[in-house]
Amino acid sequence: MGKTYEYRTTVTIGDTNLLQHMYFVHFFTLQGITRDLWVKEVVPGGMESIKNGLVLITRSAHCEYKKDFYLYDKVLVRMQIRNLRNASGELVFKFYNEATMELHAEGTHQIVTAKNNGICRIPENFRNAGMEYSIDE
C-alpha cells in the first residue's frame, strides 16, 4: 500500500449552517484543497507543470457522507490514488474527526490531464508521484 497524503483543517463558522453542521459542499472544497496541496508539496515540478499549461480536469466527483462535522471540529483529510491510467487517475479521500479518528465521509475525484485544449498523457513527474501514493496492488 502506498503513502497517504494528509491535510488538516478546523471547521469554522463560514463552513457551517445555522445548526453548526459543516456544509456538505465543503467536503468537495476540501478535496480540491488537498489535491492542490499534494501537487504543490509532493509532485516534483508540479507547480511548474501547471504554470506551463497542464490542466487537471475533474471528470467526476463523489462524496459519501457518513456523519456530521460541527463547528471547531478538527478534520483530517487523507488522500491516496488508484486506477492510474494513461491520462487519468482517481483520487480517494477519507475524512476523519482528528480527535476521535472516526470516519465521517469518503469521496473520490476522477482526474483527467490536459494541455493545449486536449487530453494528454499524465506527465512523468505526476505519474511517479501518483505511484508513490497508489493503493493499487
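Points to keep in mind about this one:
- Segment 41-63 and segment 75-137 have their alpha-carbon centroids 11 Å apart.
- A straight Cα-to-Cα reach below 20 Å connects Lys66 with the lysines Lys74, Lys94, residues fewer than 8 places away in its own chain not being considered.
- By the rule of a C-alpha distance below 24 Å, with chain neighbours fewer than 8 residues away ignored, the lysines paired with Lys51 are Lys40, Lys115.
- Under Karplus coefficients 6.51, -1.76 and 1.60, residue-wise ³J(HN,Hα) of segment 3-18 in Hz, glycine/proline x: 5, 10, 8, 10, 10, 10, 8, 10, 5, 10, 4, x, 8, 10, 8, 4
- Hull shadow area, averaged, segment 5-132 [alpha-carbon convex hull, nm²]: 8.0 nm²
- Take the Cα of Arg82, go 7 Å toward its beta carbon, and the backbone nitrogen atoms of segment 123-137 under 17 Å from that spot belong to 130-137.
- Residues of segment 41-70 falling in the label zone of Asn116, defined by backbone nitrogen less than 13 Å from a point 7 Å along Cα to beta-carbon, are 53-54.
- Only the Cβ atoms of Lys and Arg (+1) and of Asp and Glu (-1) were treated as charged; on that basis the dipole of the chain about its Cα centre amounts to roughly 380 debye.
- Extension reserve of the Ala99-Arg127 stretch, reckoned as 0.36 nm per residue once the Cα distance is removed: 6.7 nm
The numbers here are math on the coordinates, done by the rules we state, and not lab data. What you see is a predicted model, and the numbers here were worked out from it, not measured in a lab. Note that we place each Cβ from the backbone using ideal geometry, even for glycine, and neighbour counts take in every protein chain shown.
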